[in-house]
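Step one of this worksheet: look at the structure below.
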Amino acid sequence: MHTPDPHRPAAGAARPGRRATALAVSAALAAVALVVAAQGGAGAAVQGSLPADTPFYQDPASQVAKWVAANPGDSRTPVISKRIASQPQAVWFANYRPDSVTSDVRTITSAAAQSGRVPVVVAYMIPNRDCGGASAGGAPDLASYDAWVGKFAAGLGSSRTVVVLEPDSIALTTCLSAQQQSDRFASLSRAVGTIHAANPNAKVYLDGGHSAWNSATEQANRLRGAGVLNADGFFTNVSNFNTTANETSFAHNVLNALGNPGNLHAVVDTSRNGNGPAGSTWCDPSGRKIGNYPTAATGDSAIDAYLWIKLPGEADGCAAAAGTFVPDIAYQLAVNAADPTAPPSTPTPTPTTQPPTSQPPTSQPPTSQPPTSQPPGGNAACSVAYRANSWAGGFTADVTVKNTGGAALAGWTVGWTYPGDQKITSAWNAKVVQSGAAVTASDLGYNGALAPGAATNFGLQATYGSNNTAPTAFTVNGSACTTA
């Protein structure tokens, strides 16, 4: 089920809702705690978060880059090129080839270092991977895995590298006995130390599951048992579709459950979460959309980066074998998404020379679209849905505006007044201005046109003191809207 290239993924899809029994978890954590204590905290993590202007590496040998180069005349190519192939994405090491893994990793990290960029590499080799699901495989046993990790780490070099260590390995343990879980967590803890010892500039993130799976407390307990306190943090939402707002809220809750240690942060996979999940369907669902473009400029000190870890367009195992690039999936993810702010100048991507986006890609419209100063067109018949996800002192909100009238809108401005002391700090997919308690959010040009029945969404992040009551009245283009 793996693709031939030695660092191509069989991209594991995180299953929602799977849980180990409380008895197995308690026994496993108790056993792992002894192992971690015996290790004496070896391999201390690099402190601090990624700089906001971190330039991530684009792999010129990715499957999507190869497809775009080979299909210049395909009608889907311009969209896939501009919105997917132009972006930095993770490089997976998922095929068990211990004799070549060091050189395979070095190929990526050396190219990234020479271009002044930071690679995101995924180690995906834990035994009994994916509990025998669509992405089954991995090393034959934990001793072999430990040796493989040593060879993997030897290829990391000395420059900054982001290591995504074993998706599904901590959240998905239902196929393991208590002892097997204990042994796996101990091996993951050793892997963190091995990687940091080989490259102290590597930032290592462990499996945090996602917001619709284990509880934050449960996931924190598992992460602690797997040595997260010696890592740089954890990742969430790999191969899943949960919204960025839900994932950042979940990450804050996990960090709270861990006691908010200063060295730990999270990264969120936003490669396919632009319009959230399709109910309970996790395997190649239709109608999904790419989310936040990769960036370390998250505006949240607890979130190091939004990354594309699962590679958009590569199958989960239902539409095609896991890890297979399917252009129809890629096109569906990209066609309704916003363009990045720095699209490639030609349909064929040039990953080794195109500078990655250093700011949130939805903060301004593409240069080929109408400017944001273009006035909205027409009065509105509308509905607005406002969904907030809060933690102590802060929150994110997803706002969906829908044209419920019979005439198209050429642009939109949404207005509301906060009943509390909320202060907006950042936004995406809209230009948001706050004056006192009054807020206006305007389209960015490319997302301004709304046909009858069409909807679009934008998001924001904010702080609050004592009152985070949600607004209850909204206007679009000056007309009152119903609240969905």
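When ALA322 is tested against the conditions (1) closer than 30 Å to ASP53 by Cβ; (2) buried (at least 19 other Cβ atoms within 10 Å of the Cβ), the lone failure is (1).
Right, ALA134: on the phi < 0 side of the Ramachandran plot, assigned by TED's automatic domain parsing to the domain that holds ASP232 and part of a loop (DSSP other than H, G, I, E, B) or not? Talk me through it step by step, then tell me what you get.
Working: on the phi < 0 side of the Ramachandran plot: yes; assigned by TED's automatic domain parsing to the domain that holds ASP232: yes; part of a loop (DSSP other than H, G, I, E, B): yes.
When the stated conditions are applied, ALA134 passes them.
When you check ARG129 against the structure, is it in contact (Cβ under 8 Å) with a residue 60 or more places away in the chain and charged (D, E, K, R), yes or no?
yes
When the stretch 316-336 is filtered for residues that are part of a loop (DSSP other than H, G, I, E, B), out of contact with any helix residue (DSSP H, G or I) (no Cβ under 9 Å at 6 or more places or on another chain) and closer than 17 Å to ILE80 by Cα, the ones remaining, listed by number, are VAL326, ASN336. Checked against (1) buried (at least 23 other Cβ atoms within 10 Å of the Cβ); (2) out of contact with any His (no Cβ under 8 Å at 6 or more places or on another chain); (3) of a type outside the set (A, V, I, L, M); (4) modelled with pLDDT of 95 or more, PRO127 passes all but condition (1).
When restricted to residues that are surrounded by 24 or more Cβ atoms within 10 Å (Cβ to Cβ), basic (Lys, Arg) and in a helix (DSSP H, G or I), the stretch 177-235 contains 2. Restricting the stretch 297-324 to residues that are in contact with a Pro (Cβ under 9 Å, 6 or more places away or on another chain) and among the hydroxyl-bearing types (Ser, Thr, Tyr) leaves a set whose member that is farthest from TYR205 (Cα to Cα) is THR298.
Within 23 Å of VAL121 (Cα to Cα), polar (S, T, N, Q) and part of a loop (DSSP other than H, G, I, E, B), is that true of ASN260?
Details: within 23 Å of VAL121 (Cα to Cα): no; polar (S, T, N, Q): yes; part of a loop (DSSP other than H, G, I, E, B): yes.
Answer is no for this residue.
Entry remark, the stretch 71-104: residues being in contact with a helix residue (DSSP H, G or I) (Cβ under 6 Å, 6 or more places away or on another chain), part of a loop (DSSP other than H, G, I, E, B) and closer than 17 Å to ILE329 by Cα number 2 in total. Going through (1) at pLDDT below 95; (2) surrounded by 24 or more Cβ atoms within 10 Å (Cβ to Cβ); (3) not β-branched (Val, Ile, Thr) one by one, ALA251 falls short only on (1). Being farther than 25 Å from ASP339 by Cβ, not in a loop (DSSP other than H, G, I, E, B) and not basic (Lys, Arg): is that true of VAL254 here? For VAL254, the condition - farther than 25 Å from ASP339 by Cβ, not in a loop (DSSP other than H, G, I, E, B) and not basic (Lys, Arg) - is met.
The values are calculated or read from the model by the stated rules, or taken from the named source; none is laboratory data. Here the structure is a predicted model, which means the values were calculated and not measured. Every residue, glycine among them, receives a Cβ derived from its backbone with ideal geometry; neighbour counts consider all protein chains shown.
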